Amino acid sequence: MMDQLPREHFPAACTVFGIDEPGDSAYAIESGSVEVLAAPDQQRVAILGVGELFGEVALLDHLPRTATVRTLEPTTLVRIERQHVNELLKRSDPVIRHLLELLLRRFRSKNSEHPDESSTPAGSDDRTCALRTLALTRDLAHALDFDQLELYYQPLISFSRRNLVGFEALVRWRHPTLGMIMPLEFIGLAERTGLIHKLGAWVLQRAVADWAGLRQHCQPDGGLPPFVSVNLSADELGDLGIVERIRSLLASHAMRPHELKIELTETVIIEDRNTISQVLEQLSALGIAIALDDFGTGYAGLETLKSLPISCLKIDKNFVQEIDSSLRSHEIVLTAIQLAASLGISTIAEGIEDEATFRRLDAMGCDVAQGYYFARPMPAAAVAGWLKQSIHEGKCAAAAG
Ligand code: C2E
Ligand code: CA
Ligand code: CA
């Protein structure tokens, strides 16, 4: 974060800020040193050097400063603005945000003769969100032991023949009092608490165990053999042991490696690149396909395609859903499909919600379709009924034989 912040250079004996000046920034000392002089008689109360921080109260509110800060030698400071900190806070974990909020309010009422109630109202949304996050974090640890996780499957349909070629496995949490919780709400918690390893192992185990039943509904389409796709988080892929665990899991269920696909997001890949790339190389050498999820939304796009054994691009639903309304999204989708084709990589378009979008993507040369138009994610037991209905409606091709 510090690398992106502005630097300011000060000569020796220069006042960075004076007493009674309100400010909106704190400063970190990158080189040089400063002295801090306190009111009322400008007595030196501290000398601060490289790595230290001053003026941090200005990050909380607009109260006048209670000290003067002056450089002792030529000094470079990194400026941290209140607005920037507020933006970071907005994006942070709701529990951290709520705890900070409580601490700040206590600090303000202690440090001000007229506590400023309006500066940060006690956001009731934040509080509700924080309390829910705390409850979910506490309960997630038991979700597996109490059998509360469920794996849903969303069908994947080939464009050329409308065959059911596979499924994406998507986890759900049936909470005993809060009802069904969607993964966007608890995968992040699982990652932050380290539970993701146990959760991910359960997902893989469940998907592989369900495959024999699911597979019988699928039919290959040309070069697309049936498969089930599983999402893996960065933490799981940062562990070399996962390769052997997957290999023996497949062997124990007589599942062929090319019937399993691993989905990872572009943001995942920046984290622990060396280990992740080793794990992916080894999985790929076993014959497991690697799909790059949410293509176009991350940072690593083309570099990832060049250096990792990616064999499938999943085009993010945000682009797919705008192919008619945004020329840019249309061009991005078309370019992604063409790029994948020229690299010999298959494409899956997610978020298809109507026949018109399906046809547009078909004309662009996409391989596999996924979206509410065909089906929402469902329990394995619901697949047979859904397929019968979809064949009846003409959305999917009848199974051969
Ligand atoms: P994702 O991998 O991008 O999964 C696709 C998400 O889009 C799913 O949401 C799916 O229900 C939704 N979706 C599919 N078709 C449509 C459509 O036509 N319209 C719209 N509006 N949405 C559609 P879901 O199941 O809530 O999953 C959210 C995310 O949670 C997934 O995004 C994935 O990143 C993560 N996730 C789910 N299961 C797992 C898991 O087992 N492990 C890990 N690590 N992450 C998971
Ligand atoms: Ca996915
Ligand atoms: Ca996706």
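No lab work stands behind these numbers, since they all come straight from the coordinates. In this text, all values refer to a predicted model and were calculated from it rather than measured experimentally. Counting neighbours? That spans all protein chains shown, and the Cβs are built from the backbone with ideal geometry, glycine included.
Key figures
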quantity	calculated
Cross-link partners of K261 among aspartates and glutamates (Cα-Cα below 14 Å; sequence separation of 8 or more within a chain)	E168, E281, D293
Among H84, H253, H98: highest mean-square fluctuation, GNM of the chain, C-alpha pairs under 10 Å	H84
Positive minus negative residues near Y27 (Lys, Arg vs Asp, Glu; Cβ under 14 Å)	-3
Virtual paramagnetic centre 7 Å along Cα→Cβ of R44, amide N under 20 Å, in region 11-31	11-19, 29-31
Potential extension, D93-Y372 segment - 0.36 nm per residue separation minus Cα distance	97.4 nm
Cα gyration tensor shape of region 182-320, rounded if a/c is under 1.5, else prolate or oblate by comparing a/b with b/c	rounded
Derived scalar couplings ³J(HN,Hα) [region 79-84; Karplus, 6.51 cos²θ - 1.76 cosθ + 1.60; whole Hz; x for Gly, Pro]	8, 10, 8, 4, 4, 5
Mean Cα-pair separation over length for region 130-393, i.e. relative contact order, pairs under 8 Å, 6 or more apart, %	18
Derived scalar couplings ³J(HN,Hα) [region 23-36; Karplus, 6.51 cos²θ - 1.76 cosθ + 1.60; whole Hz; x for Gly, Pro]	x, 10, 9, 9, 10, 10, 8, 8, 8, x, 7, 9, 10, 10
Gained length - L63 relative to D145, 0.36 nm times residue gap less alpha-carbon distance	24.4 nm
Lysines with Cα under 16 Å of K395, excluding same-chain neighbours fewer than 8 positions away	none
DSSP bridge pairs, the chain: antiparallel proportion in percent, nearest 5	65
By average C-beta atoms within 10 angstrom, highest first, the peptides 379-388, 173-182, 274-283	274-283, 379-388, 173-182
Net lengthening on full extension, L53/E8 (0.36 nm per residue, minus Cα-Cα)	14.8 nm
Ordering of 42-48, 148-154 by packing [mean C-beta count within 10 Å, highest first]	148-154, 42-48
Long-range Cα-Cα pairs in the chain (distance over 41 Å), rounded percent	34
Global form of region 166-250, assessed from the alpha-carbon gyration tensor, a/c cut-off 1.5	oblate
For T75, distant residues with modelled amide H under 5 Å away	F10
Efficiency of FRET from Cβ geometry, Q205 and L286, R₀ 25 Å, rounded to 0.05	0.90
Distance in nm between pseudo-label sites at S160 and L72 (7 Å out along the Cβ direction from Cα)	7.4
Sorted peptide list for 199-211, 15-27, criterion being average Cβ within 10 angstrom, highest first	199-211, 15-27
Max mean-square fluctuation residue, GNM over the chain, Cα-Cα springs under 10 Å, options K306, K261, K314	K306
All lysines inside 17 Å of K306 as judged from Cα atoms, apart from same-chain residues fewer than 8 positions distant	K314
Tensor-based shape of region 2-110 (alpha-carbon gyration tensor, a/c under 1.5 rounded, otherwise prolate or oblate)	oblate
As computed over region 309-361, the Cα convex hull volume per residue (Å³)	68
Inter-part distance where region 25-85 and region 177-194 are each reduced to a Cα centre, Å	41
